[in-house]
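Heads up: the structure comes next, in structure tokens.
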Amino acid sequence: MIAEIGHFALILAVGVALYQFVVPLYGAQRGDAGLMRAGLSAAVLQLGLVAVAFAALTHAYVISDFSVENVAANSHSAKPFIYKISGVWGNHEGSMLLWVLILALYGSAVALFGGNLPDALRARVVAVQGSVGLAFLLFIVLTSNPFLRLDPPPIEGNGLNPILQDPALAFHPPFLYAGYVGLSIAFAFAVAALIEGRVDAAWARWVRPWTLAAWMFLTVGIAMGSWWAYYELGWGGWWFWDPVENASLMPWLAATALMHSVSVLAARDALRTWTIMLGVLAFSMSMLGTFLVRSGVLTSVHAFAVDPERGAFILGLLGLYIGGAFTIFALRAGAVAEGKRFAAMSREGALVFNNVMLSAILAIVLLGTLYPLLTEAFDVRVSVGPPYFNPASSIFAVPMLLVMAVGPLLRWKQDKPARLQFELALIAALVIGVIALVSFFGQYPLLPLLGLGLAAALAVAALLPLRGRNVMRMPLSTWGMVIAHFGVAVSLFGMACEGAFSEERLAAVAPGGTEQIGDFAVTLDSVTPVAGPNWTAIEARLAVRQGGGEPVILSPQARNFWTPPQSTSESALLTRWNGQLYAVIGQQAEDGRWQIRIWWKPFVTFIWYGGLLIALGGILAIAGRVRVDLKRRVASTKGAQRRADLEALGAAAPLPAE
């Protein structure tokens, strides 16, 4: 019965989303405050209905209700509780329900907390958000119903994909979707602004917190996904340019460009048309990623294997919404007044340059992701991987990082290179000096060398805006920029060190045998069978000694799940301040020896430490912007109250005697 309630709530949500789309849009056009308020109420009601549906599906997973087809296909009674919960979104239907839940959450947040927005703009934003919700709710109800029943129900379920039974994958999708779907708010603001023909600094200040929030969630989601792929898949890498990895990277690149463009518009009232286009483009990349993951056109450990008919439905939505938005852009962009001009040598100029570089990297990733799909249509199979993506993207990433180091030091509107002679010389000296120093000790690939030099320069340059300032009185938004840019340097340092200094050892080892890698001696003590809640495994006991210290035990496993039947490799990690020892166990040879693969990866953890710093910078920037907006609203309210009091006093004053 609860599943039927969830299904009914979804059907009601479709009607409410239609109301949310039509009524406030019509009300804004006519200037009817009542209709606009009704649309805001519809946004909150839609959230409640979708939340009921999501709770109903979660309940079915928790109690292992295998009469629900979705639960039977993706859960098992012996599965740990946390994976029963994460199993809700570990499949196509459930993940789409999570998608529309987050979409409704954003729409209701604008309705409830957008009081600083003009009524007509807020109504149009909520209406556009309702139209997107309507499309995806129809997609779920018509093609991806998570509440279908089985009669008779099976005794046991099939279980969740074993590689998804991991704590990082329990939390990775919600963060990623919060970023993906959050970009719909920027899209809604862009379309609403095109309808009104008004784009200015005030509009940018309204849209900036939402863009920052989406970008921050997307950053965390990508970092968590990279960490999961690194330690769970057993191949020792952290990014392979997998098509689904790229599907999350492309909206992040567009959102990064949008975030900086919005900042220029808010501060200097420039880049109006460019900002609107990026708002549409960022959500376009989210929609494209949704199509790639769910259409069945690609194979990936991250993808949902669904039928092409659903992919065609999503492709239709992509064409309708994004094509429609770009059509409105083409028709209405001329109505958007040109913003203020600025010199190339200025902070605005640096941000524009880096936006172009980000857009170029986005184009490279998009081409490399779609090219194999295009050639496959002509029965030609090609593989596009790191040999293409790394050098091609670096052509634009290197100058972008150099400008990123200098940009925050430039003045708005116009500046002169002579004013920054010391800073420019310092940045150049750091890049050249670090590359020369590392090259003196050995021969290393070019890209990691460039990465190390740029990381050093960017780390120092990120802190230069603090020079000569009272750090205790510095705005939170400035702290956010400093920490985020420093986080980029930290991540770049980790990437470069992993690429330049990693060591790998693949050996067949008998129990009692020892292999040397770096400063570590790794001894295979034993190999024993172990069992978990829904798996059995062969577990190696590796004694790791560094120098003459006490041994540390690592226990990599080769697991076999029985529901569904699948084998996985569970790595074991030994973390030190300067890197990680990474070990996996393979198969046993005929002579009784075991395949052991070991990596020493210097400073690899800095990749994710930097990601956390970048996300922290985003959080501080959001907090700073919200704080400033609240102060502005309080001051405006006090000013209005003071004027009202003065008018009241004037009306109450006695007339002078004649």
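Here are a few things to note about the model shown:
- Each label point was placed 7 Å from the Cα along the Cα-to-Cβ direction; for residue 629 and residue 171 their separation is 2.6 nm.
- Solvent-accessible surface (1.4 Å probe) assigned to residue 573 amounts to roughly 50 Å².
- For segment 120-127, the Karplus equation 6.51 cos²θ - 1.76 cosθ + 1.60, evaluated at θ = phi - 60°, returns couplings of 5, 5, 4, 4, 5, 4, 5, 5 Hz by residue, with Gly and Pro reported as x.
- Relative to the longest principal axis of the Cα atoms of the chain, the long axis of helix 167-196 makes an angle of roughly 30 degrees.
- Square roots of five times the Cα gyration tensor eigenvalues for segment 102-156, Å: 36, 12, 5
- Helix axis angle, 606-652 relative to the chain longest principal axis, alpha carbon, degrees: 20 degrees
- Packing-based ranking, highest mean first, of 148-154, 560-566 given that Cβ atoms within 10 Å are counted: 560-566, 148-154
- The slack in the chain from residue 62 to residue 145, taken as 0.36 nm per residue of separation less the alpha-carbon distance, amounts to 28.0 nm.
- Ligands, DNA and RNA left out, the accessible area of the chain computed with a 1.4 Å probe is 65% carbon and sulfur.
- Cα-centre dipole for segment 345-418 with unit charges at Cβ (Lys and Arg positive, Asp and Glu negative), debye to 20: 400 debye
- Per residue accessible area of segment 399-451, 1.4 Å probe, in Å²: 61 Å²
- By the rule of a C-alpha distance below 16 Å, with chain neighbours fewer than 8 residues away ignored, the aspartates and glutamates paired with residue 84 are 65, 69, 93, 156, 166.
- With the highest mean first, a sort of the peptides 186-195, 173-182 on other beta-carbon atoms found within 10 angstrom per residue produces 186-195, 173-182.
- Helix 476-501 axis, angle to the chain major axis (alpha carbon atoms, nearest 10°): 20 degrees
- Positive-end residue of 113, 16, 342, charge dipole of the chain with Cβ unit charges: 342
- Contour excess over end-to-end distance, with Cα ends at residue 413 and residue 382 and 0.36 nm allotted per residue: 6.5 nm
- For a straight C-alpha distance cut-off of 17 angstrom, the aspartates and glutamates reachable from residue 638 (same-chain residues fewer than eight places away being disregarded) are 629, 647.
- For segment 469-593, the solvent-accessible area works out to 49 Å² per residue, with a probe of 1.4 Å and every protein chain left in place.
- For a straight C-alpha distance cut-off of 28 angstrom, the lysines reachable from residue 416 (same-chain residues fewer than eight places away being disregarded) are 340.
- Spacing of the two label points (7 Å from each Cα toward its C-beta) at residue 363 and residue 328, in nm: 2.6 nm
- Local electrostatic count at residue 226 - Lys and Arg +1, Asp and Glu -1, tallied over other residues with Cβ under 13 Å: -4
- Solvent exposure of segment 51-94 as accessible area per residue, Å², 1.4 Å probe: 30 Å²
- Spacing of the two label points (7 Å from each Cα toward its C-beta) at residue 587 and residue 567, in nm: 0.6 nm
The values are calculated or read from the model by the stated rules, or taken from the named source; none is laboratory data. Keep in mind that what you see is a predicted model, and the values were worked out from it rather than measured. Quick reminder, even Gly has a Cβ in these numbers, built from the backbone with ideal geometry, and neighbours come from all protein chains shown. Quick note on the areas: whole protein, heavy atoms, side chains included, nothing else; ligands and nucleic acids left out. Shrake-Rupley method; radii C 1.70, N 1.55, O 1.52, S 1.80 Å.
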